[in-house]
1. For the structure I just gave you, tell me whether Ala117 is touching a residue at least 40 places away in the same chain (Cβ under 8 Å) and in a loop (DSSP other than H, G, I, E, B).
2. Looking at Val130, Val74 in this structure, which one is hydrophobic (A, V, I, L, M, F, W, C), under 13 Å from the mean Cα position of the chain (by Cα) and buried (at least 22 other Cβ atoms within 10 Å of the Cβ)?
3. Surrounded by fewer than 24 Cβ atoms within 10 Å (Cβ to Cβ) and without any contact (Cβ under 8 Å) to a residue 12 or more places away in the chain: is that true of Asn148 in this structure?
4. If we scan region 238-251, do we find a residue that is assigned to a helix (DSSP H, G or I), in contact with a helix residue (DSSP H, G or I) (Cβ under 9 Å, 6 or more places away or on another chain), of a type in the set (Gly, Ala, Ser) and crowded, with 23+ Cβ neighbours inside 10 Å?
5. Condition (residue is outside any helix (DSSP H, G or I), buried (at least 16 other Cβ atoms within 10 Å of the Cβ) and over 17 Å from the mean Cα position of the chain (by Cα)) applied to region 352-359: is it met by at least one residue?
6. Run down Gly112, Gly94, Gly99 and say which single residue is in contact (Cβ under 8 Å) with a residue 12 or more places away in the chain, under 17 Å from Asp127 (Cα atoms) and either in a helix (DSSP H, G or I) or not assigned by TED's automatic domain parsing to the domain that holds Val304 (or both).
7. For the structure I just gave you, tell me whether Lys256 is touching a strand residue (DSSP E or B) at 6+ places or on another chain (Cβ under 9 Å), basic (Lys, Arg), farther than 30 Å from Ile70 by Cα and surrounded by fewer than 22 Cβ atoms within 10 Å (Cβ to Cβ).
8. Can you pull out the residues in region 274-333 that are of a type in the set (Asp, Glu), more than 15 Å from Ser159 (Cα to Cα), touching a residue at least 40 places away in the same chain (Cβ under 8 Å) and not assigned by TED's automatic domain parsing to the domain that holds Ile261?
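The values are calculated or read from the model by the stated rules, or taken from the named source; none is laboratory data. As the structure is a prediction and not an experimental result, all values here were calculated from the model. Cβ placement follows ideal geometry from the backbone for every residue including glycine, while neighbour counts extend to all protein chains displayed.
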Amino acid sequence: MKNICHGPQQGATEDGITRCWRPNSHHNFAGHDRGFCRAGLFSVAVAFGLLTSGPARPAAPADFYKGRTIFIIVGYSAGGGYDLYARVLAQHLGKHIPGNPTVIPQNMPGAGSIKAASYVFTAAPKDGTVIGTFARGMASSALLGQANFDARKFTWLGSMTKDVTLCISWGPSPIKSWNDVMTKQFTAGGEGAAGDPDIFAKLYKNVFGAKIRLATGFPGTTDITLAMQRREVDGLCGISWSTVKSRYGDWVKQKKINILIQAAPVRAPDLPDVPLASELAKTTEQRQMLDYAVASEVLARPFVAPPGIAEERKAILRAAFDATLKDPAFLADADKTMIDIDPVSAAEAEAVVASLYALPKDVIQKAARAIGN
């Protein structure tokens, strides 16, 4: 019986290999004298070569990022401090990444930035095209069970600065000083469980007995400050000194706001007369809970990528983040927008998060009760 290798059967390519066959016979891959036409033999050889040559190498960094867009997921509404830092970073980050991708911030407010953090952790592409920024206290919130992830597993890029967290009130409010907060009702705006305004309002209420009433659910500090001006709230806790200086510097100069208390490892040099929270602690327990909250001030403007991205792209993003924060053009823009830059490396950020997770359980439980109620 002669081979059949013409007509409709010739060139059948359902799997990409050209074959011919004999009637009443199984497909045979031994050679043309057993049912293969020459085209089929050549195609098999090519396919075999591809299969045995090993997996394709990943694209070079410049090839991968060229023409792509990196998204910075911002856990708050536009106009606030986290948003401002992300936008200044976005203007310069791409030129420090091979292939010079476009970098675009995207706002994803919700639950004090837990929504954004959860998206970056669980749903965002793990290919180096998404990074995120969220509340500095997110690691603490996750540790307390307020966010459903292990913050140690993020790909930490670092923080753009360290910071000091304040409580402020609007000028006409009856709340003029920390002593007023301890003796009069202070209605403070909040964002959600993981937001700094909520964490610090509840912390001061439960640790010091401050008469704070929390009105939560605002998308960001911009929205809270608008409510403050409308006298819907007296003010807020958990706003950064860097945000106040960059966004509301005129309020400070014109004494339109009262700065009530500051939280940081040490007193800010330009706030010498504002009480430091840790100095008000009277017991070891109070001091431990404050230390737990203040640890996150080192990560004032944190940036992360999702867990599990390739080591090569992790190294690229970290190097680009570090290089951007030293870039003279970036620093000039930061100076124009009045944002503080005091970089924290990826290794330092990881160490801060690891130290939080290493705290004694009883300290964490006390802090959880203080922040959760």
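1. no
2. Selected residue: Val74, the only one of Val130, Val74 that is hydrophobic (A, V, I, L, M, F, W, C), under 13 Å from the mean Cα position of the chain (by Cα) and buried (at least 22 other Cβ atoms within 10 Å of the Cβ).
3. Details: surrounded by fewer than 24 Cβ atoms within 10 Å (Cβ to Cβ): yes; without any contact (Cβ under 8 Å) to a residue 12 or more places away in the chain: no.
Considered against the rule, which asks whether it is surrounded by fewer than 24 Cβ atoms within 10 Å (Cβ to Cβ) and without any contact (Cβ under 8 Å) to a residue 12 or more places away in the chain, Asn148 comes out as no.
4. Yes.
5. Restricting attention to region 352-359, the residues satisfying the condition of being outside any helix (DSSP H, G or I) are 358-359.
Then drop every residue that is not buried (at least 16 other Cβ atoms within 10 Å of the Cβ), which leaves 359.
With over 17 Å from the mean Cα position of the chain (by Cα) added as a condition, the list becomes 359.
Yes, that holds for at least one residue.
6. That would be Gly94, the only listed residue that is in contact (Cβ under 8 Å) with a residue 12 or more places away in the chain, under 17 Å from Asp127 (Cα atoms) and either in a helix (DSSP H, G or I) or not assigned by TED's automatic domain parsing to the domain that holds Val304 (or both).
7. yes
8. Quick first cut of region 274-333, residues of a type in the set (Asp, Glu) only: 279, 285, 291, 297, 311-312, 322, 327, 333.
Then drop every residue that is not more than 15 Å from Ser159 (Cα to Cα), which leaves 279, 285, 291, 311-312, 327, 333.
Now drop any that are not touching a residue at least 40 places away in the same chain (Cβ under 8 Å), which leaves 285, 312, 327, 333.
Residues satisfying the conditions are Glu312, Asp327, Asp333.
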